[in-house]
């Protein structure tokens, strides 16, 4: 399994895109342009990108409340994403969903989810559909460390393994379920250890190393596609910012946050790509500038988009 | 036209949809070789195989969530929850996921799934296997709620529910499974959202759902002996709710009794009562709107107590007489 230079540069670009997106969202939020709340994934970019890089086009994902990165990596369009966060009619959900409910069924993104663990059986069901239709698709199920203590995690993984469903469970263990440290919430040492209970492989991977995530998930995706059943991959990572917009970070130290910032997945990958001769500083700078330009264009699009009409408030409740 | 049991008509409806559309499949606890706790799916695994009649572990939330995921991905799952009471275990997936997904995603996803569950008391199963509460599901935007009372209706409505592109909660009263009725030999589908006049009459309207339709019809027979002519309306689906048929009937009779199997407090009967008094039928009322329903208690075990927990034929007869007093 080798990664092409093209794929490596795609992964770099996507991680950078997520970082820029999230930081711009943070600014828009502080400027009171985003209503409600949102959960940012700054620091966790390698997990979303590395995992999704292992999928084929047409494969499906389910995402979480911290889902902007998954959507971007899956091919989500930045203008429609910003428009959704600004509550505009042109947003992915016509302004009905907001940050926690962005979905893009056409690209196989079955949606972010406001309920911790809520997407786990949904991904399992999508995989059952693929098995029944024999369409060869794999579903990637993202969830956080908090979700691994929900009952539905247990129910779903048991069933997926029993029925050998083409699904890969990717736990983004960012060390905290809101404010509660993983060690205080979970009796097992690792989420991946729980795979043994479901008779499926459990893999632990450095979630800040995009290639490591890619290779671990690729192996699981290949296994799933061959009909050999699900895998539980645990990517250890860290969220740099607060849980949501109201978080004062009282439950962790500045030192701890700074320590993790040193493991920045984007900086690390940039150094690796230059060292390996995949790209020069200038070439990567150029990619970054292009991303920054596209982000600004997307924000402009969102700002200039129309508000949804109150007359249409009940559109889409029923098919 | 042949006489069939409710359970047979329901099974036929499921079978016809399984034959018609390969995207349709069933999943639930003990629905395979066992045939379902009440025998609804008997014989289907032999005909359609284990890939389409799927026995699941006892995991109501995952089963329901798997149906949501399979539905979004293009299948048409039909879930059996063994007892209506167990729906409480699946609430997140039904209410927060299945029901809300389409709207949350800006109308860009479809969730065509059916969740069937047997409800109601009268079998001595006590509090955790006997409650009827389809009414609460009608309170959740995004769900449809169906509760057929006859063999004819259950077959036509299960087919409609399976073909509908929305999540549908399908409530089957256990005591109805053994009720007989005429079922046409040719294929038919009934619309969701259309009430049915089960008996025409001019003196009093009874709006009843599910098992209470059977009891209301028996009560009507009793009352007929005393010269009281009762009209019985079965909404058949709580959501969408056909208020027009009810309002038209009340305008004709001027008196209405609403009978439900759900606990009467905050029950769906209140919604119908409000719909009547808030409509032009208000001016036609000759007596206050009357309601009967389950007592505000968990269903008790003792057969005599159990019987008194929900309306019986004699309660309906008495309530109609009170209305005419």
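The values are calculated or read from the model by the stated rules, or taken from the named source; none is laboratory data. These figures come from a predicted structure and were not determined experimentally. Counting neighbours? That spans all protein chains shown, and the Cβs are built from the backbone with ideal geometry, glycine included.
Observations
- Residues of region A:2-46 that are assigned to a helix (DSSP H, G or I), farther than 18 Å from residue A:299 by Cα and in contact (Cβ under 8 Å) with a residue 24 or more places away in the chain: A:5, A:7, A:8, A:9, A:10, A:11, A:12, A:13, A:15, A:45, A:46.
- Reported count of residues in region B:28-41, each being more than 20 Å from residue B:154 (Cβ to Cβ) and within 14 Å of another protein chain (Cβ to nearest Cβ), is 2.
- Residue B:65 fulfils the conditions (1) part of a helix (DSSP H, G or I); (2) crowded, with 19+ Cβ neighbours inside 10 Å; (3) more than 8 Å from chain A (Cβ to nearest Cβ) except for a single criterion, (3).
- One residue stands out in region A:52-82 among those that are assigned to a helix (DSSP H, G or I) and in contact (Cβ under 8 Å) with a residue 60 or more places away in the chain: the one that is nearest to residue A:114 (Cα to Cα), namely A:70.
- Residues that are surrounded by fewer than 24 Cβ atoms within 10 Å (Cβ to Cβ), within 8 Å of chain B (Cβ to nearest Cβ) and without any contact (Cβ under 8 Å) to a residue 12 or more places away in the chain are absent from region A:117-131 altogether.
- The one condition from (1) surrounded by 24 or more Cβ atoms within 10 Å (Cβ to Cβ); (2) more than 9 Å from chain B (Cβ to nearest Cβ); (3) within 16 Å of the chain's Cα centre (by Cα) that residue A:107 does not meet is (1).
- Test result for residue B:44, surrounded by fewer than 21 Cβ atoms within 10 Å (Cβ to Cβ), in contact with a strand residue (DSSP E or B) (Cβ under 7 Å, 6 or more places away or on another chain), more than 8 Å from every other protein chain (Cβ to nearest Cβ) and within 23 Å of residue B:171 (Cβ to Cβ): yes
- For region B:270-291, the criterion of a residue being in a helix (DSSP H, G or I), farther than 26 Å from residue B:129 by Cα, in contact with a helix residue (DSSP H, G or I) (Cβ under 8 Å, 6 or more places away or on another chain) and without any contact (Cβ under 8 Å) to a residue 12 or more places away in the chain is satisfied by at least one position.
- Among the numbered conditions (1) modelled with pLDDT of 95 or more; (2) within 24 Å of the chain's Cα centre (by Cα); (3) over 19 Å from residue B:146 (Cβ atoms), the only one that residue B:48 does not meet is (2).
So that you can scan it fast, the table gives a plain yes or no per residue for (1) buried (at least 22 other Cβ atoms within 10 Å of the Cβ); (2) touching a helix residue (DSSP H, G or I) at 6+ places or on another chain (Cβ under 7 Å); (3) under 30 Å from residue B:3 (Cα atoms):
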| site | (1), (2), (3) |
| --- | --- |
| B:179 | no, yes, yes |
| B:188 | no, yes, yes |
| B:239 | yes, no, yes |
| B:265 | no, no, no |
